[in-house]
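Report on the structure given below.
Bear in mind that the values in this text are calculations on the coordinates, not laboratory data. Note that the structure is a prediction, hence the values are computed from the model and not measured. Cβ: placed from backbone, ideal geometry, glycine included. Neighbour counts: every protein chain shown.
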Amino acid sequence: MPAEARSARPLARRGWKIVCCGVGAADARVAAERLVAAGCRALLVWGTAAGLDPELAAGAIVIPERVIAPDGTDHHADPALRRELLAALPAGLLLSESPLASCARPLVSAAEKRRLRALTGAIAADMEAAGVAAAATSWAVVRAVVDPAAWTLPSVVVDGTGTIRPAPGIALELVRHPGELVAVARLARAYRRACRNLEAIARALAAVEA
């Protein structure tokens, strides 16, 4: 997402390449394969995630030791790259290193999150990390939780196919369903918090690189 990419801009100023790959493991894998073929030595999966662990509040950071693919395959992050990330992490951020699950579609309801946690033991979920992990040798994940485990996404945020709507589409749906405004505002605040925490990490990493 563009806001998530903007949160990584401090890294771009230190020579990291920022690529918006699109949504889902297939697009992420294609992007990762191209970057590896172009000579990139290490890849970071960067952005937001859904919380599965009830202890993780909005804004919590996940730098997992492993990623669980939708088919149950385990992918282990590069230990050296993870150590670099953890050493540079700003103080005061809630952090988990427990597994992240990649799923095939957005998790809309709290019930869906509970089921995935029971199935995998993961503490958060995204849709791209498994695709990157399947294409790269040296990789790690930096995710910030947006919607905690107990939250169900507002109906105006998700279309009939289960896809997250872009901001203009959400605004249009809010005109039709104004009762969702409070829930959307809460989600927007959580998203801003997650992106601020990601930007703080990017600044800290850029300072180390300097």
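Given the peptides 119-126, 152-159, arrange them by the average over their residues of other C-beta atoms within 10 Å, most packed first.
119-126, 152-159
Within the chain, antiparallel bridges make up roughly 35 percent of the DSSP beta bridges whose residues both belong there.
At 30 Å minimum axial length over the Cα atoms and a Kyte-Doolittle cut of 0.0, report the qualifying DSSP H helices in the chain, or say none. Helix filter hits for the chain: 181-209. Between Ala150, Ala140, Ala194, the residue with the greatest mean-square fluctuation in the GNM of the chain (Cα pairs under 10 Å linked by springs) is Ala150.
Once Cα extents along the principal axes in Å is worked out from the coordinates, which option in (i) 77, 49, 35; (ii) 86, 32, 24; (iii) 48, 35, 33 does it equal? Comparing each candidate, only (iii) matches the computed number.
Remark on Val141: its backbone amide H falls under 5 Å from those of Val45, a criterion applied only to residues 5 or more positions apart or on other chains, H modelled at 1.01 Å from N.
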